[in-house]
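Since the structure comes first, as structure tokens, the remarks are kept for the end.
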Amino acid sequence: MLQDRKIILAVSGSIAAYKAVYLLRGLKKAGATVRVVCTPDTARFVGPLTFSSLADGGVFDDLWGANWSEHVALGTWADLMLVAPATANTLAKMAHGQCDNALLAVFLAARCPVMIAPAMDADMYLHPRTQANLQALAADGHRVLPVSQGFLASGLEGPGRLLEPEVILAEVVAHFASPALAGKRVLITAGPTREAIDPVRYLSNHSTGKMGYALAAEAARRGAAVTLVSGPTSLPDPAGVETLRVQSTQDMYEAVMARAAGQDIVIMSAAVADYTPVTVAEQKLKKQGDNLTIVLRRTPDILHTLGQHKPPGQILVGFALETDQEEAHAREKLRKKNLDLIVLNSLRDPGAGFAHDTNKITLIDRTGDLQAFPLKSKKQVAGDILDRIVSLLNV
């Protein structure tokens, strides 16, 4: 899988450094040529001899040794630099361009893509400065992998665990695979919209945006140039994705219509409001009697408008979250909106719909073909949806 690929495995001083040994072995078994770079503190956990006995060549861990200029050669040699584990300290120095050890010198000299697998205690990972450093590295174009959640060396439980070696290896293999969406432009909407009633209140729904954000991250991983138009969510911007944040359905309509014509794929996963108040009070509404009447008007139907103006060759995908007669309603929406594919899920299915990390979907295309999937993580569901879209592109 990685035959003839040249990889730098950069290991920083973390208790998770022992996993890097298994990762190194996995990279080698997959056919890669691997050189190892370490920080001085790495030896506190795993000795250089362990790495050098498995890697190709010795371990580069000393800027002041006889091979002090090795960072220059490694920087031009590699096809990928993989930093695993990346501690909070190493991340901070990478984000700010510091260079006081061999790993950082190689990072600054590297001309290849860089993949980063963080590992640290939960509070350190969640600290605003660490999150800012991760976002800065992602904004520079580096691939920042997520962390896993569970018991940590400190005894705490939470996010911050290094991904398992086989998961990181799969990410490396996927990096070198031919991206199915390379060169494609993808527009995705996500999250709810908010329709203002007064300066304090609004109409909205329970959407968290998790499904749309998972789609955006997966499409970017597959090589697409992704634009995400997001309603209000608490989710961070996906790495490598242009993210535009909006509030109302009208805002989303304007952002989508300004960009839709130039897209190869449009995926409308946002839960937009169908109605909005006719008037928005300038001041907070006060209690006046037992009842309050708010007159609503229809919002722009973004999906219908996209279907009416769909350029030749564009794939248009909609979502249908239903509570009854699910398949019939989804097929009718597919026809009315001129869609190529509709993603159906039902609130009657446990673990599907809003706020969950999982989803259970059925895909129906314009020919009537139906594919039903079991309950999966939203990341896996995003992969299933994009696999189907890729098959439509190739028809």
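Per the helix-only calculation at 222 nm, which mean residue ellipticity applies to the chain, given -39500 (n - 2.57) for every DSSP H run of n ≥ 4 and division by its residues, nearest 500 deg cm²/dmol? Don't skip to the end; give the middle numbers.
Numbers: 13 runs with 128 residues, N = 395.
Here the helix-only value at 222 nm equals -9500 deg cm²/dmol.
From Cα pairs below 8 angstrom and at least 6 apart in sequence, can you work out the relative contact order of the range 6-176, rounded to a whole percent?
Working: 336 pairs, mean separation 39.8, N = 171.
Contact order relative to length: 23 percent.
Using Cα springs under 10 Å in a Gaussian network model of the chain, which residue among 48, 350, 238 shows the largest mean-square fluctuation?
Its mean-square fluctuation being the largest, the pick is 350.
Using a Gaussian network model on the chain with a 10 Å cutoff between Cα atoms, which of 335, 111, 297 fluctuates the most?
Sorting by GNM fluctuation, first place goes to 297.
How much length would be gained if the chain were fully extended between residue 242 and residue 108, taking 0.36 nm per residue of separation minus their Cα-Cα distance, in nm to one decimal?
Numbers: separation 134, 0.36 × 134 = 48.24 nm, distance 2.50 nm.
Separation in residues times 0.36 nm, less the Cα-Cα distance, equals 45.7 nm.
Provide the three semi-axes, in whole Å and in decreasing order, of the ellipsoid equivalent to the range 332-389 as defined by the square roots of 5 times the Cα gyration tensor eigenvalues. Intermediate values should be presented prior to the final figure.
On the way: eigenvalues 83, 33, 16 Å².
Semi-axis lengths for the range 332-389 are 20, 13, 9 Å.
Just to be sure I understand the model, the point goes 7 Å from the Cα along the line to the Cβ. What's the resulting residue 79 to residue 234 distance in nm?
4.2 nm
Once the convex hull of the C-alpha atoms of the chain is built, how many Å³ does it hold per residue, rounded to a whole number? Working shown, then result.
Details: hull volume 68.0 nm³, N = 395.
Measuring per residue, one finds 172 Å³ for the Cα hull of the chain.
Percent of Cα-Cα pairs per 5 Å bin, from 0 to the last occupied bin, for the range 6-176, please list those.
1, 9, 20, 24, 23, 15, 7, 2, 0
Applying the Karplus parametrisation 6.51 cos²θ - 1.76 cosθ + 1.60 with θ = phi - 60° to the phi angles of the range 236-245, what ³J(HN,Hα) value in whole Hz is obtained for each residue in order, glycine and proline being reported as x?
Each residue's phi maps through the Karplus curve to give x, 4, x, 4, x, 10, 6, 10, 10, 9 Hz.
Modelled label-to-label distance, residue 285 and residue 96, 7 Å Cα→beta-carbon offset: nm?
Label at residue 285, label at residue 96, 5.0 nm between them.
Taking R0 as 22 Å, what's the FRET efficiency between residue 392 and residue 254 from their Cβ-Cβ distance, rounded to 0.05?
Values: r = 28 Å, r/R0 = 1.25.
Efficiency at R0 = 22 Å is approximately 0.20.
Non-local amide H neighbours of residue 361 (under 5 Å, H modeled in plane, Pro and chain starts lacking H): which ones?
Amide H to amide H, under 5 Å and 5 or more residues apart or across chains, residue 361 pairs with 373.
Alpha carbon centre of the range 138-193 versus the range 241-304: separation in Å?
Between the Cα centre of the range 138-193 and that of the range 241-304, the gap is 31 Å.
Just to be sure I understand the model, the point goes 7 Å from the Cα along the line to the Cβ. What's the resulting residue 328 to residue 129 distance in nm?
In this crude spin-label approximation the distance works out to 6.1 nm.
Using r as the Cβ-Cβ distance of residue 54 and residue 167, and R0 as 25 Å, what FRET efficiency do you calculate, to the nearest 0.05? Intermediate results must be reported in sequence, preceding the final value.
On the way: r = 20 Å, r/R0 = 0.78.
Once rounded, the FRET efficiency stands at 0.80.
On a 32 Å Cα-Cα criterion, which of the cross-link pairs 93/360; 184/360; 286/337; 93/376 come out too long? Walk me through the numbers on the way to the answer.
On the way: 93/360 42 Å; 184/360 27 Å; 286/337 40 Å; 93/376 37 Å.
93/360; 286/337; 93/376, as the Cα separations exceed 32 Å there.
Please find, in a Gaussian network model of the chain (springs between Cα atoms separated by less than 10 Å), the residue of 372, 180, 88 whose mean-square fluctuation is greatest.
Evaluated over the chain, the most mobile residue of the options is 372.
Using 0.36 nm per residue of separation minus the Cα-Cα distance, give me the extension gain between residue 366 and residue 305 in nm, one decimal.
Details: separation 61, 0.36 × 61 = 21.96 nm, distance 1.75 nm.
Extra length from residue 366 to residue 305 when fully extended: 20.2 nm.
Less than 14 Å Cβ to Cβ from residue 257, Lys/Arg counted +1 and Asp/Glu -1: what total charge do the surrounding residues give? Before the final figure, lay out the partial values.
Numbers: positive: 259, 310; negative: 251, 254, 301.
Local charge sum for residue 257: -1.
Each reported figure results from applying straightforward, stated rules to the coordinates on display, with no laboratory input. Here the structure is a predicted model, which is why all the values come from computation and not from measurement. Don't worry about glycine lacking a Cβ; one is built from the backbone with ideal geometry, like all the others, and counts go over all protein chains shown.
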